[in-house]
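Participant: Just dropping this structure here.
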Amino acid sequence: MTKPAPPPAVPKFPRTELEARTVRVLRPRTWVAPEVRLLEIDGRPAVLKDFGGLPLATRLTVGIPLIRWEVPILRRLIGLEGVPQLLYTVDRFAFLMSYIEGRPLYKVPPAELPPGIFDRTLDLVDQLHARGVVHLDLRQRKNTLLTSDNRPAIIDYAAALHFGREGRIFRFMRNVDRTAILKLKNRVLPGTLTEAEKEQLKAFDRMRRFWPLKRRRPNAKDALD
């Protein structure tokens with residue numbers, strides 16, 4: 001892990017302009033989840049994540065902590081291709097990030113996948129880790145995309161963590177991310193894992209026996225050849 005430069009400052013965007021810039025609602029809010037909207041700003045698409053319309057108690061107990069969690073993670077990833085770029089903060093309850101056009105990798109027909117796409121996805125994961133960030137939600141297959149220009153992208157950093165130095169926990173979490181991509185590769189392109197990748201998955205499964213949290217039930221589709 002290299003010591004990164006201090007995250008750059010992020011400009012503010014006025015809440016009063018959000019409605020006029022809205023293109024459509026991508027995901028309506030619930031009583032605990034933010035509204036997600038697609039906006040257009042300076043001719044570019046942007047995604048708004050907004051807890052502002054939720055009840056006051058939810059804004060204070062859920063909205064503020066989650067914004068304070070995710071925004072610093074995205075600041076650390078500014079300039080990294082394949083990651084939503086933090087564009088603006090709005091207030092304590094909302095922020096704006098770049099929109100990534102793409103399809104979940106697992107929904108792309110194998111014949112349409114570009115050569116080496118999973119190697120490039122692992123490279124992107126390694127670049128996250130080089131900035132001290134672990135994603136931790138890559139087993140949600142919808143978070144790994146193939147963009148419209150055939151590049152890998154990784155979205156949704158609400159569960160991500162930042163580590164200031166490399167240690168045992170960071171190394172374990174790093175393997176959580178990498179093995180999630182290897183499992184995805186094995187599902188989408190069965191029989192294409194290298195021997196080294198198979199061994200990495202087996203070694204991680206041995207490590208997980210000592211993990212105190214409940215593990216996901218094994219799926220037959222994850223079985224190695």
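The values are calculated or read from the model by the stated rules, or taken from the named source; none is laboratory data. Just so you know, these numbers come straight off a predicted model, no measurement behind them. Note that each Cβ is placed from the backbone with ideal geometry, even for glycine, and that neighbours are counted across all protein chains shown.
Participant: Looking only at the stretch 50-67, which residues are outside any helix (DSSP H, G or I) and under 20 Å from Asp156 (Cβ atoms)?
Facilitator: Once the filter is applied, which keeps residues that are outside any helix (DSSP H, G or I) and under 20 Å from Asp156 (Cβ atoms), the stretch 50-67 yields Asp50, Phe51, Gly52, Leu54.
Participant: Another question, if that's okay. Anything in the stretch 70-87 that is buried (at least 17 other Cβ atoms within 10 Å of the Cβ) and small (Gly, Ala, Ser)? List them, or say none.
Facilitator: Gly82
Participant: Is it fair to say Thr30 is polar (S, T, N, Q) and either in contact with a Phe, Trp or Tyr (Cβ under 6 Å, 6 or more places away or on another chain) or outside any loop (DSSP other than H, G, I, E, B) (or both)?
Facilitator: So Thr30 does not fit the description; no.
Participant: Just to check your reading of the model, which residue among Val25, Val47, Val10, Val36 is of a type outside the set (Gly, Ala, Ser), touching a strand residue (DSSP E or B) at 6+ places or on another chain (Cβ under 9 Å), within 30 Å of Phe170 (Cα to Cα) and not in a loop (DSSP other than H, G, I, E, B)?
Facilitator: Selected residue: Val47, the only one of Val25, Val47, Val10, Val36 that is of a type outside the set (Gly, Ala, Ser), touching a strand residue (DSSP E or B) at 6+ places or on another chain (Cβ under 9 Å), within 30 Å of Phe170 (Cα to Cα) and not in a loop (DSSP other than H, G, I, E, B).
Participant: Being surrounded by 14 or more Cβ atoms within 10 Å (Cβ to Cβ), closer than 18 Å to Asp126 by Cβ and out of contact with any Asp or Glu (no Cβ under 8 Å at 6 or more places or on another chain) is the filter here, so list the residues in the stretch 180-213 that pass it.
Facilitator: Ala180, Ile181, Leu184, Glu197, Gln200, Leu201, Phe204
For (1) out of contact with any His (no Cβ under 9 Å at 6 or more places or on another chain); (2) loosely packed, with under 14 Cβ neighbours inside 10 Å; (3) of a type outside the set (A, V, I, L, M), each residue gets a yes or a no:
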| residue | (1), (2), (3) |
| --- | --- |
| Ala33 | yes, no, no |
| Lys49 | yes, no, yes |
| Arg68 | yes, yes, yes |
| Thr89 | yes, no, yes |
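Participant: Among the numbered conditions (1) under 16 Å from Asp91 (Cα atoms); (2) in contact with a Ser or Thr (Cβ under 7 Å, 6 or more places away or on another chain); (3) in the same structural domain as Val71 (by TED's automatic domain parsing), tell me where Val10 comes up short.
Facilitator: Failed condition: (3).
Participant: Which of the residues spanning the stretch 147-179 are closer than 18 Å to Leu113 by Cα and either touching a residue at least 60 places away in the same chain (Cβ under 8 Å) or surrounded by 13 or more Cβ atoms within 10 Å (Cβ to Cβ) (or both)?
Facilitator: Thr147, Asn150, Arg151, Pro152, Ala153, Ile154
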